[in-house]
Structures are given as C-alpha cells and as structure tokens.
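Shown next, in structure tokens, is the structure this report addresses.
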Amino acid sequence: MERDYLTLAQAEQAYTVKLRRYFHQHPEVGPAEQVETMAAICRELETLEIPYERVPGGGILGFLGDPARGKTVLLRADIDALPIQEDPDNLKGPRVCISQKPGVMHACGHDGHIAMLLTEAKILKSMESELKGAVLLAFEEGEEGHRNIEALLPYMERRGLRPDTCYATHVRWDLEAGKLHVVDGTAMAGLYVFRCELHGLSGHGSRPDLARSTLDCFVNVYDLLQTVRMDHLSPDKRLTFSVGKVTCGTADNVIPDQLVFEGTIRFFERDSGRIFWEEFKRILKTICEYHGCTYTLTCRFALLPSISDRTCRRLWERAIERHLGKEHLGECEPWMASESYSYFLSMCPGVLVFTGIRNEALGSGANHHTPQFDLDEAALPVGVASAVAYTLDFLEEQPQIPGFQPLCSSAEEIIRLNHPN
C-alpha cells in the first residue's frame, strides 16, 4: 500500500456525514424543485474555493487542476430525491436523521453521493498543485427520470469539456458496508418504459362478432411478447419484460373498445433492447391487423446499459488494492435498475463503482426506492477514498484505453439513441 487514501477520507468523515445529513433532511424532487440543493452545493464549492458553472437545466460543473498538465477525470454525482414518504424507522429502529419534507425522501442514496463528491473535491483541492491533469466535478440534476443529463452533455460539448475517463459510484443496499465492487461489463441495465394504446370497436357481450375487442387483442399480444426472449435472443442475453398497468373496460357486459397497457423492458446488452423493441412493434402490427384494431406505441423513457470499461476497471482494482487494501473489494451481481450515468459511459471510458451500505446492526439494507431505505454513514469514506485513489492513479499513469470505441461522436447522437421512437 503506497498512499493511505482511506485514512485521508476518514479524517473528513465528520464533514461527509454533516453534508449527507443536511441533504437527507432537505430533499428535493426533480429539476423544478432542486433549488436549495443546487444552492447548497454552490455554497460549498465557493467555500472550498473551487470554480464552478451552473448548467441551465443540467446541474453544476466544478473545476480542479489544469487540463494542460495531463488528462481529465470526470467525477459525477446525481443529486435528486424521490416522492416517497419516509418511514421514521429503518429495518432496525429509528434512523439517525429523517426528511423534513413530507412525501419526499432520499430513498436511493443520492444524499450520500453528493456528500462523497464534495468530500472528494475538498481532498483533491488540498493537493491541486500536485494534480497531473484536471478533475471535472459533475453534479447532475434530475437523474430520476427527468433527463437533465440531456442539457448537461450538450453544454459540456459546447465548452469543449471532454474527459478522458469518468467515474461514479452508486451506494448499494445488498453490498456490505465497507466493500466496493465494479461489475465486469454491464453494471446496470438499459431500460425502455413504454405505453401502448389499443383501439377497437365496442359492442354488447352477446354479440362479440360485431365488436373488435381490445382485450382479446391485448391477450394475444401479451402472450407473444412473453416468447420474444426465447425466440429471438440467444440464451446468454439477459432481459426482463413486464407489464405493470392495464386499463380497460367500464362494464361487465360491454366489450371494451380501448385498452392501455404500460410496462418496462430491461436489458444488459445494448442490442437486446433494440431487438425486443423491434419485435414488439412487429407483433403489435400483426396482431392488431388480425383483430381489426389500431394501436399507438410510445417509449416514454429509455436508457442504455451502464457498461464499465475493462481497462478502467483493472486500473480501479489496482488503485483499491494499493491505497485501501484488497479487503475492501467485495462481490455483487449486476443490477437490473437503470442509471443516466450510462450516457457518460457510452461516450467516455470509465467505471461505475458500487459502494456497499448494508449494515444489519444499524438497520441499513432495505432496497432502494422504499420508505425504509437507509445507509451506513461509516461506509461513505470508503466511497470517497475509492474515487480519490482512481483519480490520482489515472492522472499519474496517464493510461491509454485500447479498444474503447465511443458509441456516439456527439451529445446529439447519444441523446437520440436514448429516444428509440
């Protein structure tokens, strides 16, 4: 072990915890409401004497070091909360701090993400003169389905901000506190959130031959969609399809002329989602024609998979072993949840690190997006040290990343890929 970044991060633990509790107590949902969150981040950057820029509708960018001295590392944190009423108890009992805003809570750990990134900024600022390159701090607004990344990326492109690698961490409910892990390949899934409307012809239940039942049409469509995974994807492809909402009918003796169903498609390989989506459209066209119905299919939200670069993953593992110790490397499965950080990873080689927060003794370990979700604050310095170690080793080594090919050459192209309609 060369430099003990964990000890350095633990020395700032009080600062990290103070920040995490402030953001946890004052959560804000989505870009329209993230006024105080953004203001607090800006105040902290000003206190640290770190230059920054507000990105309209996108977030905040902070600047450390000098890109003329070497490569640039982007460190990213998402900052929004969720419209969930927080349970005053976690899995064990009363939590150490609770949201002061009814119906809103940091149920995904973004409060921890903000606190870690600001602590990393403080540590890196203290050694700014030694940085062999630059660090770009990205605080992303509206990650939870609001697409503010689509304002942040074009802004960076216009400013000529092109990082050589990107790093982000997501706290993880099922990974033991104090452990870190980077999945080899896809870390988090791609996603299509869809809405489909079927239109037919209403009629009385005594004469179904005179009607065009959207319910019958849906049943056939749904049955065929369940076969796509086996019939059109190879066995090693990982994909889930689910319908979570169906709206249809008003009376027991009236054949419905309209049906709406909504659901999600999640996938680990980029081509799997595209293949399923094209089959979805083909099935709809064929079955609706058979039943005499029409349809509209809309993808309301989409994300590509978050895929860590293998060269960057190996560099990260070496950095953890050297500066934190191998005992902090844990294991967990890829996560079928989705992340807008995939935009960065599609254009820039980097890693998505999972930081464990599960501690049964403290009651942390409830799944994300649930009222009992909580985290072990003692795990946050491990996440801070991980980012600092990767950043400084990357700038020290100035590595080449062989084999990485950007999925797109511009922000406009990557945004278009995330809108498959």
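General remarks:
- Lysines whose Cα lies under 20 Å from that of LYS179, excluding same-chain neighbours fewer than 8 positions away: LYS326
- Proximal lysines relative to LYS237, as straight alpha-carbon distance under 24 Å, when same-chain residues fewer than 8 apart are discounted: LYS281
- Efficiency of FRET between ARG69 and ASP174 - r from beta-carbon atoms, R0 51 angstrom, step 0.05: 0.80
- With all protein chains in place and a 1.4 Å probe, the accessible surface of the chain carries 51 percent carbon and sulfur.
- The 3J(HN,Hα) values that the Karplus relation (6.51, -1.76, 1.60; θ = phi - 60°) gives for the range 142-157 are, in residue order, x, 6, 6, x, 9, 6, 5, 4, 7, 9, 5, 5, x, 4, 4, 5 Hz. Gly and Pro appear as x.
- Close amide H contacts of CYS166 (hydrogens built in the peptide plane, cut-off under 5 Å, sequence separation of 5 or more or a different chain): LEU74, GLY350, VAL351.
- Under the shape rule built on the C-alpha gyration tensor, where the axes satisfy a ≥ b ≥ c, the range 348-407 is oblate, since a/c reaches at least 1.5 while a/b does not exceed b/c.
- Probing with 1.4 Å while keeping every protein chain in the model, the per residue accessible area of the chain equals 42 Å².
- The chain, helix-only ellipticity at 222 nm - DSSP H runs n ≥ 4, -39,500 (n - 2.57), divided by all residues, nearest 500: -11000 deg cm²/dmol
- Modelled spin labels at GLN400 and LEU210, positioned 7 Å past Cα toward Cβ, are 7.7 nm from each other.
- Listed pairs LYS18/LYS101; LYS18/LYS122; LYS18/LYS71; LYS71/LYS125 exceeding 24 Å between Cα atoms: LYS18/LYS71
- Distance between the 7 Å Cα→Cβ label points at LYS281 and ARG195: 1.9 nm.
- Compared with the dominant principal axis of the Cα atoms in the chain, helix 35-47 is inclined by about 20°.
- Accessible area, probe 1.4 Å, largest first, for residues VAL104, VAL243: VAL243, VAL104
- Highest-first packing order for the peptide set 227-238, 181-192 is 181-192, 227-238, based on the mean count of other beta carbon atoms within 10 Å.
- Length gained when the stretch ARG416-GLN258 is fully extended (0.36 nm per residue, less Cα-Cα span): 53.8 nm
- Extension gain from MET336 to ASN367, taking 0.36 nm per residue of separation minus the Cα-Cα distance: 9.9 nm
- Distance between the modelled labels on SER234 and GLU49, one decimal in nanometres: 5.6 nm (7 Å Cα→Cβ projection).
- For ARG21, the accessible area of its heavy atoms, probed at 1.4 Å with every protein chain present, is near 80 square angstrom.
- Within the chain, DSSP assigns beta bridges of which about 70% are antiparallel (rounded to the nearest 5).
- Centre separation in Å (Cα based) which lies between the range 48-110 and the range 241-307: 34
- Area accessible to solvent at GLU377, 1.4 Å probe radius, in Å²: 20
- If a spin label sat at a point 7 angstrom from the Cα of ASP4 along the line to its beta carbon, no backbone N atom of the range 327-346 would be nearer than 14 Å.
The values are calculated or read from the model by the stated rules, or taken from the named source; none is laboratory data. None of the values given here were measured: they were computed from a predicted structure. All Cβ positions, even for glycine, are placed from backbone atoms using ideal geometry, and neighbour counts span all protein chains on display. Note: areas computed on protein heavy atoms with side chains; ligands, DNA, RNA excluded. Shrake-Rupley method; radii C 1.70, N 1.55, O 1.52, S 1.80 Å.
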